Amino acid sequence: MAMKSYPPEFKADAVALYLSDPGRTLASVAEDLGISRETLRNWVRQAQAEGSVGAKERGPARKPVRGPLSSDDVLEEENKQLKARVRELELERDILRRAAKYFAGETNW
């Protein structure tokens, strides 16, 4: 089987997608992108070795909530979480669009 060559943007986006959600596995992200799990694992290791991502950059850090909060504080915290989720979903959408565009250009019908 011939080795495929992927553009650097695709690799960086795939690594960012994997690191953005601590609940996702290498296999699930790789399957969504149509690449091998080992390929994605190698890209993540390479990015961590190059220092372009931190070793523990798996998703946003969550602060524990302490003490009673007013309803405004609760709404503000929920708003922050929802905005972060929107950014994450937009990133995933953009990565999948780029992947679809890349693979559509690769077909020879």
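The values are calculated or read from the model by the stated rules, or taken from the named source; none is laboratory data. These figures come from a predicted structure and were not determined experimentally. Because the Cβ atoms are built from the backbone with ideal geometry, glycine has one as well, and the counts that use them run over all protein chains shown.
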message: Here's a check for you: in segment 1-37, which residue that is free of Cβ contacts under 8 Å to residues at least 24 places away in the same chain and among the β-branched types (Val, Ile, Thr) is nearest to Lys101 (Cα to Cα)?
response: Val29
query: Got a number for residues in segment 79-103 being over 19 Å from Gly34 (Cβ atoms) and touching a residue at least 12 places away in the same chain (Cβ under 8 Å)?
result: 2
statement: Restricting segment 39-54 to residues that are assigned to a loop (DSSP other than H, G, I, E, B) and surrounded by 10 or more Cβ atoms within 10 Å (Cβ to Cβ), the one modelled with the lowest pLDDT turns out to be Gly54
query: Is segment 27-38 home to any residue that is modelled with pLDDT of 90 or more, aliphatic (A, V, I, L, M), part of a loop (DSSP other than H, G, I, E, B) and out of contact with any Phe, Trp or Tyr (no Cβ under 6 Å at 6 or more places or on another chain)?
result: yes
